């Protein structure tokens, strides 16, 4: 076992060192919340005496998220810890914070399941994240619409104009997320991905390896043939 929260990590003297047989990765994260009083007041007005007297996790808004990605490469003597990431309000709102975190989480899980470890665990952090993920597309589109309406000002009364701008921004955001786009190509079989190390390649990331993408020959042939679309 390695204690990571020190300048000079310590090894547990009671446990003999052993070589990691396969690559493993975990994401360690922490989230800070603020109760959404407006949402809670509506709940109290609707449920009356049967309502809980204090806001529960379902009324939490995420105001800060911080995480690191820890990789345990096969055969390596110690883990590889990524840079520390922290995104908080007011610089970023909840949608932007979660969009960044979900992007990292999706990329890390593109090849094999990666455990997520948080301070509050299933009781708060995981429960809120799962709840947000279930309605993520709707929340994200609502946030995009609010931003478009703020930017348009008085022109926001033109529903067709606003709807077209929201669609354009949603498309632009998706195109800008290269990692997700490439992962989709890998899943579809158009591109093969592996990781090149200093000595040899490996199927998993970690250990300072660089991602290598190989386009399938039949895809290259289709691109080079430049077919005419009618």
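The values are calculated or read from the model by the stated rules, or taken from the named source; none is laboratory data. This structure is a prediction, so every number in the text was calculated from the model and none was measured. Virtual Cβ from ideal backbone geometry, glycine too; neighbours counted across all protein chains shown.
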query = Which one of these is out of contact with any helix residue (DSSP H, G or I) (no Cβ under 7 Å at 6 or more places or on another chain), part of a helix (DSSP H, G or I) and either surrounded by 15 or more Cβ atoms within 10 Å (Cβ to Cβ) or modelled with pLDDT under 70 (or both): 185, 144?
reply = 185
request  = Being surrounded by 18 or more Cβ atoms within 10 Å (Cβ to Cβ) and either out of contact with any strand residue (DSSP E or B) (no Cβ under 6 Å at 6 or more places or on another chain) or closer than 25 Å to residue 139 by Cβ (or both) is the filter here, so list the residues in the stretch 62-86 that pass it.
outcome  = 62, 65, 67, 69, 73
ask   = Do we find a residue being outside any helix (DSSP H, G or I), touching a residue at least 60 places away in the same chain (Cβ under 8 Å) and crowded, with 16+ Cβ neighbours inside 10 Å anywhere in the stretch 117-125?
value = yes
query = Looking at the stretch 126-135, is at least one residue loosely packed, with under 15 Cβ neighbours inside 10 Å, over 21 Å from residue 193 (Cβ atoms), under 13 Å from the mean Cα position of the chain (by Cα) and at pLDDT below 85?
reply = yes
message = So, in the stretch 83-95, how many residues would count as being at pLDDT 85 or above, outside any loop (DSSP other than H, G, I, E, B) and touching a helix residue (DSSP H, G or I) at 6+ places or on another chain (Cβ under 9 Å)?
response = 4
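Conditions tested, residue by residue: (1) under 24 Å from residue 129 (Cβ atoms); (2) assigned by TED's automatic domain parsing to the domain that holds residue 193; (3) modelled with pLDDT of 80 or more.
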| site | (1), (2), (3) |
| --- | --- |
| 12 | no, no, no |
| 34 | yes, no, yes |
| 59 | yes, no, yes |
| 64 | yes, no, yes |
| 81 | yes, no, yes |
| 97 | yes, no, yes |
| 110 | yes, no, no |
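One line per residue, one yes/no per condition, for (1) surrounded by fewer than 16 Cβ atoms within 10 Å (Cβ to Cβ); (2) under 28 Å from residue 187 (Cα atoms):
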residue: 60; (1), (2): no, no
residue: 89; (1), (2): yes, no
residue: 96; (1), (2): yes, yes
residue: 105; (1), (2): no, yes
ask   = Can you name the residue in the stretch 36-57 that is touching a helix residue (DSSP H, G or I) at 6+ places or on another chain (Cβ under 8 Å) and part of a loop (DSSP other than H, G, I, E, B) and is also modelled with the highest pLDDT among such residues?
value = 36
